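What follows draws every value from the coordinates through simple rules; no lab data is involved. Predicted model only: the values in this text are computed from it and were never measured. Here the Cβ positions follow ideal geometry from the backbone for every residue, glycine too, while neighbour counts run over all protein chains shown.
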């Protein structure tokens, strides 16, 4: 019984071979015209030799049926050869082919047996050869489909028996030869089936490997989002297709806020888990118009291609930022990150990605500098800012920094003891092409273009040059930029310049802002500890305006806090500002830290601060930033002045 089941399975289409089914139908579709053409030609020749010998219903009528079936099936297989087949369609077509082969060959065999009653020995031999040629043409035309080919071979058995039973010696000899040919053909069918199946398997495996390689080349394995290469390919494609699609194209860049602290605090596995969750959340926004990719690190890209107004970038950015800001549960605890996003729209005839990405990056840069956690869309105002930035970059690269960079000094005053305790060095750049450029403009540009290191060193040398001429109880306060504070060589560079100046490190205070510490807190902390170790002092500037002021205060080797001018300037009109300043002063005293109030511009502010216990202040009320050469004269005038409300040194 088991052998019978195995034998019968040779004549069925196995349902679990989808790749093989599709390859078989494609092969049959290509060979169908040849197979049906041979069948029709042989039928026509058979009708030719039996015309006038056999009745018309046994000649012309079967010929018309054969011709019609051949044309219909050829057209059907031609459509299949052009179509993209799925496994289910291929399986149905193969089962239909099996049934068609049986019906066709049995019908032809019956037709031939009916014709054997007419004509002489030659016409009967022609009928016999028609059967042989028809079956062999069917077998070789269907070698790719073992079940159909074996059915065709099986038809040879009753045909051979019939010819053998005629009693004619010649026909018997031909029948035996036909049977031997059928057996040999059966063997070839099995051999070819194995070869064909093996080729299909190899092709499928190569296709799978190719698909895997393509996926690896275009997909970020950590987040399962498209990668940088895929992002640029997609952007180039939608830009090239805009004429046909009529779509507007927008590009967005996403930068995660707070990813690095999570990665540094909990380790890279936690950072990877966070990125996987971010990738999962971004996947939810992908559709036919929105394409999201990971560009590297904690940066992601967006390509929006849609009819005008269908996907507003500002609304999409707000939705993305809201989704990414939701708490993320990791193995070591719950963390929070945010997202800052910059968008830019492609111009009417823009067909290259570079400029649109540059504009989106400018929008992102502006958002990170001014409104972290928000979405900024590139505008003409930003375009002007970008052009200004380019001019500053070129100006810095071509500048004679020694001649063009200036250092101004602004005093810090102890209002209780009526004395100057230090000067803060403030940088200015006087460009012969751009005029006077404020540090808020050129310092960020210098940081992003890797010019900040020589600028910082030059400014420190200029600031230290007059300090040796000042009274020993007056110090220098010098600002470090965000790029400086995370430089691994900061302590060595600053220490060398201080040693060359001859000024004792104890007279120097380095000021850092809270926002400058975000980039790499651990490296920043190590640098500040190194500066502290050589004798310098450390001050936290703009205190109260950062993201996590209190955490920085207890984790850093600080000597002084500087209360930001945004609080002192509104103390007289906004009571809550006065409360905040009072709290800061109390905290600094409890922690044993000095405290400087910035932005003091009136006698009223000075008096109010003094009543709250603030001793050291800085601002226009005492003096505006002055050139270095005017410091000596200022100190002489200051010694003769009295710091009472409404009175200050000449500015």
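Residue order for 162, 621, 77, fewest other beta carbons within 10 angstrom first, comes to 162, 77, 621.
Mean projected area of the convex hull spanned by the Cα atoms of the stretch 400-639, taken over all viewing directions: 12.9 nm². Residue exposure proxy: 310, 595, 74, ordered by other Cβ atoms within 10 angstrom of their Cβ from fewest to most, comes out as 310, 74, 595.
To the nearest 10 degrees, how steep is helix 521-533 against the longest Cα principal axis of the chain, on a 0 to 90 scale? It is inclined by approximately 30 degrees. For the chain, the share of DSSP beta bridges that are antiparallel, to the nearest 5, is 60%. Please give the helix 439-448 orientation as an angle from the longest Cα principal axis of the chain, in degrees from 0 to 90, rounded to the nearest 10. Value to nearest ten degrees: 40. Here the sum of -39500 (n - 2.57) over DSSP H runs of 4 or more residues, divided by the residues of the chain, equals -19000 deg cm²/dmol at 222 nm, to the nearest 500. Computed log10 I(q)/I(0) for the chain at 0.09 Å⁻¹: -0.88, from the Debye equation with unit scatterers placed on every C-alpha and solvent omitted. Here the residues 25, 628, ranked from fewest to most Cβ neighbours within 10 Å of their Cβ, fall in the order 628, 25. Helix 575-590 axis versus longest C-alpha principal axis of the chain: approximately 80°, rounded to the nearest ten.
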